[in-house]
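First the structure, which I've put down as structure tokens, then a few questions once you've had a look.
Rule-based calculations on the coordinates, nothing more; no lab input. Given the structure is predicted, the values throughout are model-derived calculations rather than measurements. Cβ: placed from backbone, ideal geometry, glycine included. Neighbour counts: every protein chain shown.
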Amino acid sequence: MARRLTVVLSQAQGKHPVKRALEESVVAALLMEPGLDVSVIPYLYDLGPDHTGRMFLESIKGDMVIVSWLFPRAAFWVLDRDGIKGQWGESQLKSAHADDDEDAGEPAPPKGIGALDVPERHIYCLDLRDYNQHDPYVNEIRRIAEECKQRREQKQAQRPPAMVQLGINLLNGDTAEAPAKTFAPDQLLQTAGRRWYPVIDYSRCTNCMECIDFCLFGVYGVDGQERILVENQDNCKKGCPACSRVCPEQAIMFPDYKSPAIAGAPVGAIGNLKIDLTRLFGGADKDPLAQAVEERDRELVADGRTAVGTTVGLAKRQDKAAPKVKDDLDNLMDQLDAMDL
Amino acid sequence: MQLRLGFTTYAVRLMQDVYFIDWEVSGGDAVALKQKVGHIETSKAMSDLFAPIAGTIVQFNGQVLNDPSAINVDMYGSGWLFEMTGADAETLSVQEYHAFLEAGWEKTQNMLKGHM
């Protein structure tokens, strides 16, 4: 039962010749590999719900590799928002320029609320900005294909043996993994208009709702289980990353924003992108909140609305409040908790 | 008072090899405190550059424009950036500068690690 691994390459926006050349050489090399289904779609972040590329992604049920010009976190959570869910596939691809000392200490265990209804399949996201030739990508995809195969075999081995009755076509979960539909390559590559919207990393999001309070453009909403959701993506104001600065967990990404931290770079590893020292070197040392308020006011005014400054939607953070000495009422309330009424 | 300005060792350690430096104002221009005067790109970083005091730019170090390596090897000597006139009352002493770096170290680390 040789299952094939789906590899989807998401092109860069525009027609940058160097980027196109890399994309083409990666695809050409992957087509020579056995056991892979390779497809090309436009820039993942721009795909609206009606785009064929997105429907194609939705039709993929098994393990998948996304190769794109996005930070892996950004690509993964864009897909999650589109309902294309899976387990995070850990890529061993490291940026060629990344410092070796990036792993100073293990990352803290995630305290985010996580994604819901995640199927067992894995989604691996590779960043095309990491290398400028195809070999590292091809090697990594080979490794991933092997990893997926071993995982499947392990699962198979753990499964109790099925009783096969003659004459009965054994329908198990695997049938769903057959390619449902075929999509013509030119349909997949239909141009997609540029979009701009926040993407939530639910492995970091704590559902604190600061973003929904802060954004005055109705971008955020909650789902049936009161979980924060980027509900009206296209209400978002192009170029404005204000909510991302307000988020206490840095869980909100704008994949097209110029600063890597907001675009979804892993913390501590900004790869070959340069650090912007402007703030250290005497540039306006605005704290993120002040910057966010300014950005929001700019968009409000551009919409013909009134700037609100810091008066609306800023959480009073508990941990910033000075600790107060407990008075009798506080003590009484604490005792009530302990009384187990 | 005429002052000659340049990077500190600390700044150079953060930036590492300077590739390129560019000025947006010319000798003789008046500049305001913290006005943006130029831009630098290095192997590790890039940054806008700002006037540390209000005053008038006298001249830029032309040698550094052509070959910025002096900034790395001799930042307190031939690697100076520009000269300007103005009052230096608002600038920090060496001890104050060290204390300033110390006080901001945690924030700096967060920034370098990519937090906002």
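Give the peptides B:97-108, B:2-13 in descending order of average Cβ contacts within 10 Å, highest first.
Values: B:97-108: 11.9, B:2-13: 14.9.
Answer by packing, highest mean first, reads B:2-13, B:97-108.
Among B:39-51, B:20-32, what's the highest-first ranking by average C-beta atoms within 10 angstrom per residue? List each step's numbers first, then the result.
Values: B:39-51: 18.9, B:20-32: 13.8.
Going by the mean number of other Cβ atoms within 10 Å, highest first, we get B:39-51, B:20-32.
Okay, next question. Count, for each residue of B:10-16, the Cβ atoms from other chains sitting within 10 Å of its Cβ, then give me the mean as a whole number. Numbers along the way, then the final one.
Details: counts 1, 3, 0, 0, 4, 5, 0.
That average works out to 2.
Which pairs break 22 Å Cα to Cα here: A:LYS85/A:LYS237; A:LYS258/B:LYS44; A:LYS15/B:LYS44; A:LYS61/A:LYS149; A:LYS15/A:LYS258; A:LYS19/A:LYS238? Walk me through the intermediate numbers first.
Details: A:LYS85/A:LYS237 26 Å; A:LYS258/B:LYS44 16 Å; A:LYS15/B:LYS44 28 Å; A:LYS61/A:LYS149 15 Å; A:LYS15/A:LYS258 19 Å; A:LYS19/A:LYS238 24 Å.
A:LYS85/A:LYS237; A:LYS15/B:LYS44; A:LYS19/A:LYS238, as the Cα separations exceed 22 Å there.
A further question follows. Partner chain Cβ atoms within 10 Å, averaged over the residues of A:183-190 - can you pull that number for me?
Numbers: counts 0, 0, 0, 0, 0, 0, 0, 0.
The mean count of partner-chain Cβ atoms within 10 Å per residue comes to 0.
How many angstrom lie between the C-alpha centres of the stretch B:1-55 and the stretch A:111-161?
The stretch B:1-55 and the stretch A:111-161 have Cα centres separated by 46 Å.
Given a cut-off of under 8 Å on Cα pairs at least six residues apart, what relative contact order in percent is computed for chain B?
Working: 201 pairs, mean separation 33.4, N = 116.
Contact order relative to length: 29 percent.
Given the rule -39500 (n - 2.57) for each run of at least 4 DSSP H residues, summed and divided by the residues of the protein assembly as shown, what is its mean residue ellipticity at 222 nm, to the nearest 500 deg cm²/dmol?
When only DSSP H runs of four or more count, the value is -8500 deg cm²/dmol.
Then there is this: Given axes a ≥ b ≥ c from the Cα gyration tensor, I'd like to know whether chain B is rounded (a/c under 1.5), prolate (a/b larger than b/c) or oblate. Let's see the in-between values first.
Numbers: a/c = 1.64, a/b = 1.22, b/c = 1.34.
Since a/c reaches 1.5 but b/c is at least a/b, the shape of chain B is classed as oblate.
With unit charges on the beta carbons (Lys and Arg positive, Asp and Glu negative) and the dipole taken about the Cα centre of the stretch B:14-68, which residue among B:VAL58, B:ILE21, B:PRO68 sits farthest to the positive side?
B:VAL58
Around A:ILE228, what is the net charge, scoring Lys/Arg as +1 and Asp/Glu as -1 over all other residues with Cβ under 11 Å from its Cβ?
Numbers: positive: A:ARG227; negative: A:GLU210, A:ASP213, A:ASP223, A:GLU226, A:GLU231.
Here the charged neighbours net out to -4.
Among A:3-11, A:139-147, A:27-35, what's the highest-first ranking by average C-beta atoms within 10 angstrom per residue? Can you show the working numbers first?
Values: A:3-11: 21.9, A:139-147: 17.8, A:27-35: 13.4.
Ranking the peptides A:3-11, A:139-147, A:27-35 by packing returns A:3-11, A:139-147, A:27-35.
Which FRET efficiency value, to the nearest 0.05, is calculated for A:VAL18 and A:GLN187 with the Förster distance at 22 angstrom and r the Cβ-Cβ distance?
Values: r = 27 Å, r/R0 = 1.21.
My answer for the efficiency is 0.25.
Amide H neighbours of A:HIS122 under 5 Å, counting only residues 5+ apart in sequence or on other chains, H built in-plane at 1.01 Å?
A:ASP63, A:MET64, A:GLN87
Here's a follow-up. In nanometres, what is the gap between the two model label sites at B:ASP29 and A:GLU90, each 7 Å from Cα along Cα-to-Cβ?
Modelled inter-label distance: 5.1 nm.
Please compute one quarter of the surface area of the Cα convex hull for the protein assembly as shown and express it in square nanometres. Write down the numbers at each step before the final one.
Details: hull surface 129.9 nm².
Convex hull of Cα atoms, orientation-averaged projection: 32.5 nm².
State the antiparallel share, in %, of DSSP beta bridges confined to the protein assembly as shown, rounding to the nearest 5. If you can, show how the numbers build up before the last one.
Working: 25 of 45 bridges.
The answer is about 55 percent antiparallel.
While we're looking at this one, here's another question. Once the other residues with Cβ under 15 Å from the Cβ of A:CYS215 are scored (Lys, Arg +1; Asp, Glu -1), what is the net sum?
Working: positive: A:LYS237, A:LYS238, A:ARG245, A:ARG296, A:ARG298, A:ARG305; negative: A:GLU210, A:ASP213, A:GLU231, A:ASP234, A:GLU294, A:GLU295, A:ASP297, A:GLU299, A:ASP303.
Overall, the nearby charge balance is -3.
Next question. Tell me the net charge near A:ALA307. Cut-off is 13 Å between Cβ atoms, A:ALA307 excluded, with +1 for each Lys or Arg and -1 for each Asp or Glu.
On the way: positive: A:ARG296, A:ARG298, A:ARG305; negative: A:GLU294, A:GLU295, A:ASP297, A:GLU299, A:ASP303.
Counting the neighbours of A:ALA307, the net charge comes to -2.
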